[in-house]
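Remarks on the structure that follows.
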Amino acid sequence: MNVIAKPDTPTRQLMSGNEAIARAVWEAGCRVAAAYPGTPSTEILENLARYKDIHANWATNEKTSLEIVIGASVAGSRAFSAMKHVGMNVASDALMSQTLAGVGGGLVIAIADDVGLSSSQNEQDSRFWGRFGHLPILEPSDSQEAYEMVKAAFDLSERFECPVIVRLTTRICHVKGLVTVGAREERPSQGFRHDSARWVLVPANAKRRLAAQFERDARLLALAEDSPFNRVDEGKDKRIGFVASGPAYMHVKEAFPDAPVLKLGLTCPVPVETVRAFAGTVKALVVAEETEPLVERDLKAAGIACHGKDILPRSGELSPAILLPAVKALLGEPWEPQATLQPQVFPRPPTMCVGCPHLPAYYCLSRLRRQVNIAGDIGCYTLGAGQPWNALDTTTCMGASMGMALGMDLGRAEADKDKAVIGVIGDSTFLHMGMQGLIDIAYNKGNVTILILDNSAAGMTGGQDHAGTGRDAGGQDAPRVDFRKLVEALGVKAERIHVVDPYEMPTLYKHLREEIAIPEPSVIITQRPCVLIDRFHRDPPFKVVEETCTGCSNCLNVGCPAIHVTRRASETRPSGKVVEKSWVRIDTAACTGCGLCPKTCGPKAILPARESLES
Ligand code: SF4
Ligand code: SF4
């Protein structure tokens with residue numbers, strides 16, 4: 001196994017884990033890489049796309065990305081795919097079959113877990129996929145290890161003829177460290193070896209491959225017991241010994257610098273006998289692993305006494321602030337929290353961008369709120385569930401808005417019989433996993449209206465291109481999916497499809513009102529680029545004329561962060577009703593001039609900034 005890369009011309013570079021992984025993939029002679037963007041893994045492919053010797057592309061979803069690299073591997077090339085934890089759920093169908101067939105050229109999959117849920121709908125432990133798929137898992141603790149393990153993973157993949165998973169977490173992906181890098185090793189494709197008994201997984205062939213998989217399990221266990229990635233850091237204080245992996249290892253070293261630590265880099269399969277020998281050198285054993293107790297369970301099943309989730313939390317990161325009190329309590333020692341300087345950051349809820357083209361859609365939906373149930377989706381659109389719009393009723397997983405909207409129509413109760421059902425999805429998300437749900441809506445004649453918010457980017461992950469943007473991962477021109485034609489091809493009648501400019505809000509609202517009244521599948525596609533991508537053009541800003549503003553606060557319902565409240569007051573009407581008033585101003589430096597808020601202002605207090613200055 002190639003443990004420490006020995007570059008011909010060593011250089012040290014400051015790299016995030018994602019950058020280091022991309023570098024290692026390139027150096028390992030990988031020829032094909034594919035991914036779908038997903039925080040925290042997105043930058044791996046973005047960096048790979050800069051290396052000319054690799055074909056690196058954005059795929060429509062994680063399953064197709066894995067299938068692309070499986071094909072490249074079967075064709076004899078080293079291949080790589082990266083995804084976030086929930087992405088592996090999508091890709092798992094391909095993974096769970098390929099684990100039987102194995103690989104041609106080395107095949108490495110990086111899965112980045114969002115430990116602590118900073119930008120995901122759930123927290124998952126991707127180490128389960130190693131157990132599920134009988135595959136080795138490597139877990140780096142910093143950028144240097146991420147680099148070394150990815151290179152080793154390609155060798156391991158070819159030696160054991162199976163995909164190898166490198167499990168990352170947000171901390172590994174985004175934290176920078178010095179990395180000693182090397183040169184690219186050219187690995188020409190070995191060519192496709194025809195072997196239908198292996199590559200064609202009909203039941204008879206798959207059954208034969210099961211025996212090979214079990215034999216591989218035994219060889220992998222022997223490797224884990226002997227792997228240089230599993231090593232002991234000796235320590236003077238033998239009262240507690242730690243078994244740790246990934247970033248938890250770094251946290252243990254910081255919190256307990258004198259404790260012995262068995263650092264696991266190859267965490268699947270668990271080297272039980274190595275741990276048993278280590279346990280014999282310390283008084284008590286603590287397994288520090290984020291998030292699920294996988295190593296702990298394997299050890300307990302093997303009769304090794306240890307602490308783990310009985311004293312440590314089941315979710316989130318295991319920082320020193322969490323480890324210290326838990327382990328001190330185990331030792332029966334008092335622990336005084338250290339006074340630390342906390343950065344003073346004013347908390348604010350996540351919000352849409354200034355002038356975001358999704359604002360008019362959510363403003364319109366908020367106006368229809370009492371008449372509709374709305375199935376939402378993953379991405380920037382999720383923010384529509386918050387204030388001031390409250391325009392989503394559900395968000396489950398990528399693409400689910402389509403099927404769930406159909407289900408909300410089919411399963412509606414008597415109380416909802418007069419309500420329309422709307423599904424909201426983004427352009428990249430629609431291509432990722434929404435299309436199939438729309439086929440179901442059209443095929444099953446669902447009484448559903450779908451809003452496809454096309455902002456010409458995978459917005460939430462940083463504006464990456466996709467098959468609907470007309471550009472590839474390298475920024476070159478590419479064929480562009482025509483959403484209107486696609487939707488029609490999926491079975492929606494041409495007259496029930498509308499493509500609108502969302503900033504033309506009255507037109508958008510009119511189409512929405514009309515379509516929810518017609519009991520047929522319909523689709524409204526809003527098209528305007530995301531304000532954060534380079535194709536977006538700003539227009540001259542708007543300004544509030546103070547004397548004209550009545551404080552009605554209608555414009556605040558647009559939800560644009562460039563509109564600020566300057567003064568609040570209560571006013572009692574002649575009828576006795578108390579009305580809350582909010583007077584506003586527009587941050588003209590931030591305003592993109594989208595022209596939305598003027599459309600909501602009855603007294604016409606919002607004017608182009610130059611015009612209002614002249615008036
Ligand atoms: S015109 Fe209004 S809604 Fe549009 S960016 Fe400016 S302040 Fe925001
Ligand atoms: S909608 Fe017009 S009048 Fe009402 S608060 Fe906004 S700027 Fe003032």
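The values are calculated or read from the model by the stated rules, or taken from the named source; none is laboratory data. Just so it is clear, the structure is predicted and the values come from calculations on it, not from any experiment. All Cβ positions, even for glycine, are placed from backbone atoms using ideal geometry, and neighbour counts span all protein chains on display. Remember, those area values only see protein heavy atoms, side chains included, never the ligands or the DNA or RNA. Shrake-Rupley method; radii C 1.70, N 1.55, O 1.52, S 1.80 Å.
Relative to the current alpha-carbon distance between Ala277 and Thr11, full extension at 0.36 nm per residue lengthens the span by 92.0 nm. For Gly463, the residues whose modelled amide H falls within less than 5 Å of its own, excluding neighbours fewer than 5 places apart on the same chain, are Ala458.
Atom-type composition of the exposed protein surface of segment 204-297 places 58 percent of the accessible area on carbon and sulfur (1.4 angstrom probe). To the nearest 0.05, what FRET efficiency results for Ala211 and Lys300 with a Förster distance of 35 Å applied to their C-beta separation? It comes to 0.75. Charge dipole (Cα centre; +1 on Lys/Arg Cβ, -1 on Asp/Glu Cβ; no other charges) of segment 101-260 amounts to roughly 500 debye. Placing +1 on the Cβ of every Lys and Arg and -1 on the Cβ of every Asp and Glu, with nothing else charged, gives segment 541-615 a dipole about its Cα centre of roughly 220 debye.
Residues in segment 567-576 carry Karplus couplings, in order, of 7, 10, 7, 9, 10, 9, 6, x, 6, x Hz; the curve used is 6.51 cos²θ - 1.76 cosθ + 1.60 with θ = phi - 60°, and Gly or Pro positions show x.
Taking 7 Å steps out from each Cα toward its Cβ at His537 and Asp155 produces label points 5.5 nm apart. Here the simple spin-label model places points 7 Å from the Cα toward Cβ, and for Thr588 and Leu221 these points are separated by 7.4 nm.
Sequentially through segment 129-136, phi angles give Karplus couplings (6.51, -1.76, 1.60; θ = phi - 60°) of 5, x, 5, 5, x, 6, 10, x Hz, Gly and Pro residues having no value and appearing as x.
A dipole drawn for the chain from +1 and -1 charges on Cβ atoms has a positive end, and of Leu368, Ser575, Met404 the residue lying farthest that way is Ser575.
Would you list which lysines come within 20 Å of Lys417, measuring only between C-alpha atoms, while excluding same-chain residues fewer than 8 positions from it? Excluding near neighbours in sequence, the set is Lys445. Of Lys238/Lys263; Lys236/Lys283; Lys419/Lys510; Lys419/Lys599, which pairs sit farther than 20 Å apart, going by alpha carbon to alpha carbon? Among Lys238/Lys263; Lys236/Lys283; Lys419/Lys510; Lys419/Lys599, the Cα-Cα distance tops 20 Å for Lys419/Lys599. Around Val481, which amide H atoms from residues at least 5 apart in sequence, or from another chain, sit under 5 Å from its own amide H, with H modelled in the peptide plane? Here the answer is Gly468, Thr469, Gly470, since their amide H atoms fall under 5 Å of that of Val481. For Val243, the residues 5 or more places off, or on other chains, whose built amide H falls under 5 Å of its own are Leu262, Val286, Val287, Ala288. Rounded to the nearest whole Hz, the Karplus-based 3J(HN,Hα) values (6.51 cos²θ - 1.76 cosθ + 1.60, θ = phi - 60°) of segment 307-313 follow the sequence 9, x, 6, 6, 10, 10, x, with x at glycine and proline. Placing +1 on the Cβ of every Lys and Arg and -1 on the Cβ of every Asp and Glu, with nothing else charged, gives the chain a dipole about its Cα centre of roughly 600 debye.
On the principal axes of its alpha-carbon atoms, the chain has extents of 83, 65, 56 Å, going from largest to smallest. The simple spin-label model puts a point 7 Å past each Cα toward its Cβ; for Gln436 and Ser196 those points are separated by 2.7 nm. Taking segment 159-186 and a reference point 7 angstrom along Cα→Cβ of Phe128, the backbone N atoms nearer than 18 Å belong to 165-170.
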